[in-house]
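Peer 1: There's a structure below that I have some questions on.
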Amino acid sequence: LFRFRLFSTSKFNEEDYQTSKDAVITYYNNQGYRDANIATDTVYSVDGHNLNIDLKVDEGSKYHFRNISFKGNSKYSSDLLSRILGIKKGDVYSQATVQSRIYQDPNSNDISSLYMDDGYLFFQVTPIETATEGDSIDMEINIYEGPQATVDKILISGNTKTNEHVIRREIRSLPGNKFSRTDIIRTTREIANLGFFDPEKIEVNPIPNPTKGTVDIE
């Protein structure tokens, strides 16, 4: 049992409290404690104006990665995908690490970027735990590559501040090129750098046509 002071400078908010409890468990999960949970929690008044919160956390066991395999990949070898994933046998188990290495690396050094920068717009990947023995977890990463997509049309809407050609010269996804997620990200950044538009309101939307194997970029 541990005790700490929460919301010391603000009023108690039930929604924030639940979010904070979720964050505690997420922290444990990312340190290998996959089964961690809050066994009990108590909120009580101490003087009519302030609250104490007592949380009892059941950590459970600390887990580690063991065997990781890939299924469904033909474009890229399992050895290459394993190097990009960068998780070794014995590393502390963390779903956040898996998500980052598959989908969300800030420098695009993830498996999803590898495929989606080579035209695989319809690419899907699903990590599945296949076995748990003691403190070790095996994982299989299922991949659906799908067909490559080629950029067809570039559509621009909502612009009233500059000539369209000013925007088009910043666009990296060109008709006839293979779809590239990195090009989409770079296009969004460079249009924002023009200074004509609120960066938060710039949206780049891929409009796929699986039948034709093409994608329009709006």
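The values are calculated or read from the model by the stated rules, or taken from the named source; none is laboratory data. From a predicted model like this one, the values you see are computed outputs, not experimental measurements. For neighbour counting, all protein chains shown are included, and Cβ atoms are generated from backbone atoms with ideal geometry for every residue, glycine included. SASA here: full protein model, heavy atoms, side chains in, ligands and nucleic acids out. Shrake-Rupley method; radii C 1.70, N 1.55, O 1.52, S 1.80 Å.
Peer 1: Within segment 21-51, work out how many residues are farther than 30 Å from Gly134 by Cβ and surrounded by 15 or more Cβ atoms within 10 Å (Cβ to Cβ).
Peer 2: Count: 1.
Peer 1: A further question on this structure: Taking the conditions exactly as written (farther than 17 Å from Asp110 by Cα and either out of contact with any Phe, Trp or Tyr (no Cβ under 9 Å at 6 or more places or on another chain) or at pLDDT below 95 (or both)), does Asp91 satisfy them or not?
Peer 2: no
Peer 1: Moving to a separate point now. Among the listed residues Phe12, Phe2, identify the single one that is under 30 Å from Ser136 (Cα atoms), more than 24 Å from the chain's Cα centre (by Cα), at pLDDT below 85 and hydrophobic (A, V, I, L, M, F, W, C).
Peer 2: On inspection, the qualifying residue turns out to be Phe2.
Peer 1: May I pose another question? Being among the hydroxyl-bearing types (Ser, Thr, Tyr) and open to solvent by 50 Å² or more (accessible area, probe 1.4 Å) narrows it down to one residue among Thr182, Thr214, Thr187; which is it?
Peer 2: Thr182
Peer 1: Taking Asp54 as the residue in question, decide whether it is open to solvent by 50 Å² or more (accessible area, probe 1.4 Å), touching a residue at least 40 places away in the same chain (Cβ under 8 Å) and of a type in the set (D, E, K, R).
Peer 2: no
Peer 1: Would you mention how many residues in segment 190-201 are surrounded by 13 or more Cβ atoms within 10 Å (Cβ to Cβ) and within 26 Å of the chain's Cα centre (by Cα)?
Peer 2: 3
Peer 1: Let me ask you something else. Looking at segment 74-84, is at least one residue of a type outside the set (Ser, Thr, Tyr), within 21 Å of Ser100 (Cβ to Cβ), open to solvent by 60 Å² or more (accessible area, probe 1.4 Å) and part of a helix (DSSP H, G or I)?
Peer 2: Yes, that holds for at least one residue.
Peer 1: Please enumerate the residues belonging to segment 137-161 that are under 23 Å from the mean Cα position of the chain (by Cα) and either surrounded by 15 or more Cβ atoms within 10 Å (Cβ to Cβ) or more than 30 Å from Arg66 (Cα to Cα) (or both).
Peer 2: Correct list: Ile137, Asp138, Met139, Glu140, Ile141, Ile143, Glu145, Gly146, Pro147, Gln148, Ala149.
Peer 1: Step by step: first the residues of segment 94-132, then only those that are more than 17 Å from Phe179 (Cβ to Cβ) and β-branched (Val, Ile, Thr), then the one that is surrounded by the fewest Cβ atoms within 10 Å (Cβ to Cβ). Which residue is that?
Peer 2: Going through the qualifying residues, I end up with Ile128.
Peer 1: Condition first: in contact with an Asp or Glu (Cβ under 8 Å, 6 or more places away or on another chain) and on the phi < 0 side of the Ramachandran plot. Can you find one or more residues in segment 106-114 that meet it?
Peer 2: Checked segment 106-114: at least one residue is in contact with an Asp or Glu (Cβ under 8 Å, 6 or more places away or on another chain) and on the phi < 0 side of the Ramachandran plot.
Peer 1: For Leu85, are the conditions met, namely being over 12 Å from Pro127 (Cβ atoms), touching a residue at least 12 places away in the same chain (Cβ under 8 Å) and in contact with an Asp or Glu (Cβ under 9 Å, 6 or more places away or on another chain)?
Peer 2: When the stated conditions are applied, Leu85 does not pass them.
Peer 1: Something else about it: Going through Glu164, Glu170 one at a time, which residue ends up being acidic (Asp, Glu) and open to solvent by less than 60 Å² (accessible area, probe 1.4 Å)?
Peer 2: Glu170
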